[in-house]
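Right, one structure below, let's go through it.
What follows is calculated from the coordinates using simple rules that are stated; it is not laboratory data. Since the model is a prediction, treat every value here as computed from it, not as a measurement. With ideal geometry, Cβ positions are generated from the backbone for all residues, glycine too; neighbour counts draw on all protein chains shown.
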């Protein structure tokens, strides 16, 4: 075929740009894609174009990198400029589709069967951030209508509100679904009267068999009047658990079995843990029904939910259609996998805590907000971490290092520095008189100095001691230079205080702790670290400090010993 001069120019410039970008002969697939984008008239003739592109690529491959760049600068200098532009990742939250004059109303709807985790925090932060952006209303709705399988924890209601406030996401309204059961009953009655809901007496296996074969339940065509009678019997407790279910009629022939006549209410005899509810009800709404009603009742304008809940939206769509409602605008996002935690469930964590595997919901090994707070992770860092993820359907796999990097920017200028010697080994320094060491509280901020009494008896870390040999010279940071004279017992002789000699001989610098230091225990995701630290650490209760050569830690207790929670490096 005959290519125009513009076609040839396109092939040549994109071949050269690809070569310049990657520093090697270009690949035909990448060049073909750019050419077809600029020359759509060639798409139907790709096979005819390929030999010519291969000819150009062979020509480019025979040249040197400086020739590629020189030719590209002459042919298409704008493509050189394009390579120099650093494209920022698509971070942050894209604008919502908001109608003119519309007040944005969004919600976060947790099941309070445990405290917020990093996974649920994304919903808190993103929804509240959108509401702030548009001057709207943020609602926390507790979906606590399963008193049996996902039994709520009484403490968790307050934990969620407390953590929301800490994150800067205080709700404008708090709604508890178990307080609103009569509302759901009224809508159920209305749907029954309209002929859109019926009481099913099939057991689970029977209904599944019928549903999978696209056959109607034998109770499906019962009249609205009879269904109302059976519904009232459900509410009055005349039926036992698992003997009756209220179902919403959909399309029994639907290609997706999950959308065929889904359950709306079931019988549960287990009392609710909230004393004001207790055994007041024996018929409880399933989440798809409760959520559909509440999103309408509370005036939701926008919903962000996991893409795994698309079926929920389709099921709820039937209820909205029957009742003549408009469904909120919905955005779906993919799953987030945190490398350090892998898969976990709140119910699984709860069981592990009850079995004594973890000390509590704030155990530093757990992915809960309570644990992260106790470790010294700042709310601003978590908000940025979550917002930068954005909202998209692509599954995200991310490391906590990203969160730690944000947190480090916040705490590093504020955190005072201290010596903490873990797994301590005693060392005696001969020829060194008692003195007061005065290391700075911060290496760059003008915050004064701390005072450490340093006698001839000190402690150093075992991992440092194990690397020493007789004759080794080391510097004890902010104190003095010593030479090892004996390994068992570990002894050294005092040399001098000069930092100049250390730099000249490239002597290793290690930290230390005084003999009369205070016991310190650091609790971390990797276990406990016990040792000795400076006494002045006891003045830092609830503060994040940096234990030099160890990491940032939040001081949790300053009793007979210091207890600190590891933050990160």
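Size of the stretch 337-411 from its Cα atoms: along the principal axes, largest to smallest, the extents are 36, 32, 15 Å.
Which ordering of 166, 231 is given by a fewest-first count of other beta-carbon atoms within 10 Å?
On the way: 166 16, 231 23.
Ascending Cβ contact count within 10 Å gives the list 166, 231.
Distance from the alpha carbon centroid of the stretch 388-419 to that of the stretch 289-331 works out to 34 angstrom.
Between 0 and 90 degrees, the angle of helix 65-75 with respect to the longest Cα principal axis of the chain falls at about 50 degrees.
For residue 97 and residue 223, calculate 0.36 nm times their separation in residues minus their Cα-Cα distance, and state this gained length in nm to one decimal. Show your work: numbers first, answer last.
Details: separation 126, 0.36 × 126 = 45.36 nm, distance 4.23 nm.
That works out to 41.1 nm of additional length.
A Förster radius of 41 Å combined with the Cβ-Cβ distance from residue 467 to residue 354 puts the calculated FRET efficiency at roughly 0.40. Taking every DSSP bridge with both residues inside the chain, close to 65 percent are antiparallel. The length gained by stretching the chain between residue 54 and residue 558 to full extension, at 0.36 nm per residue less their Cα-Cα distance, is 174.2 nm. According to the calculation over all Cα-Cα pairs in the stretch 125-238, the P(r) per 5 Å bin from zero is 2, 9, 13, 13, 14, 13, 10, 9, 10, 6, 1 %. By how many degrees, between 0 and 90 and to the nearest 10, does the Cα long axis of helix 28-38 differ from the longest principal axis of the chain? Tilt of helix 28-38: around 60 degrees. Nearest 10 degrees, 0 to 90: what angle lies between the long axis of helix 379-389 and the longest principal axis of the chain (Cα atoms)? Approximately 60 degrees, to the nearest 10. Panel note: the C-alpha atoms of the stretch 103-331, placed on their principal axes, show extents of 52, 37, 27 Å (largest first). Between residue 232 and residue 172, the modelled labels are 4.1 nm apart [label points 7 Å from Cα along Cα→Cβ].
Label-to-label distance, residue 165 versus residue 430, with points set 7 angstrom from Cα along the beta-carbon direction: 6.2 nm.
Tell me what the chain gives for mean residue ellipticity at 222 nm when only DSSP H runs of n ≥ 4 count, each as -39,500 (n - 2.57), the sum divided by the residue total, rounded to 500 deg cm²/dmol. Don't jump to the answer; show the numbers that get you there.
Working: 18 runs with 203 residues, N = 569.
Mean residue ellipticity, 222 nm, calculated: -11000 deg cm²/dmol.
Using only Cα atoms, locate the centre of the stretch 431-496 and the centre of the stretch 162-176, then give the distance between them in Å, rounded to an integer. That distance is 49 Å. Value of Rg to Rh for the stretch 416-569, rounded to two decimals, is 0.96; Kirkwood radius and Rg both from alpha-carbon coordinates.
For the stretch 416-569, calculate the relative contact order in percent as a whole number, restricting contacts to Cα pairs under 8 Å that are 6 or more residues apart.
Details: 355 pairs, mean separation 38.0, N = 154.
With pairs under 8 Å counted, the relative contact order is 25 percent.
Using the Cβ-Cβ distance between residue 339 and residue 451 with R0 set to 45 Å, the FRET efficiency works out to roughly 0.60. Computed over the Cα atoms of the stretch 237-343, what is the ratio Rg over Rh, Rh following Kirkwood? Ratio of gyration radius to Kirkwood radius: 1.03. In terms of Cα atoms, the Rg and Dmax of the chain work out to 33.4, 101 Å.
Short-range pairs are left out: with C-alpha atoms under 8 Å and at least six residues apart, the relative contact order of the chain is 10 percent.
Assuming R0 = 51 Å, what is the FRET efficiency of residue 67 and residue 542, from their Cβ-Cβ distance, to the nearest 0.05?
That pair, residue 67 with residue 542, gives E of 0.20.
Tell me, rounded to the nearest percent, the portion of alpha carbon pairs in the stretch 5-84 spaced more than 20 Å apart. Provide the component values of the computation, followed by the final result.
Values: 757 of 3160 pairs.
I get 24 percent for the Cα pairs in the stretch 5-84 exceeding 20 Å.
Length available on full extension from residue 405 to residue 503: 0.36 nm per residue minus the Cα-Cα distance, which gives 32.2 nm. Once C-alpha pairs closer than 8 Å and six or more residues apart are averaged by separation and normalised to the residue number of the stretch 103-331, the relative contact order reads 19 percent.
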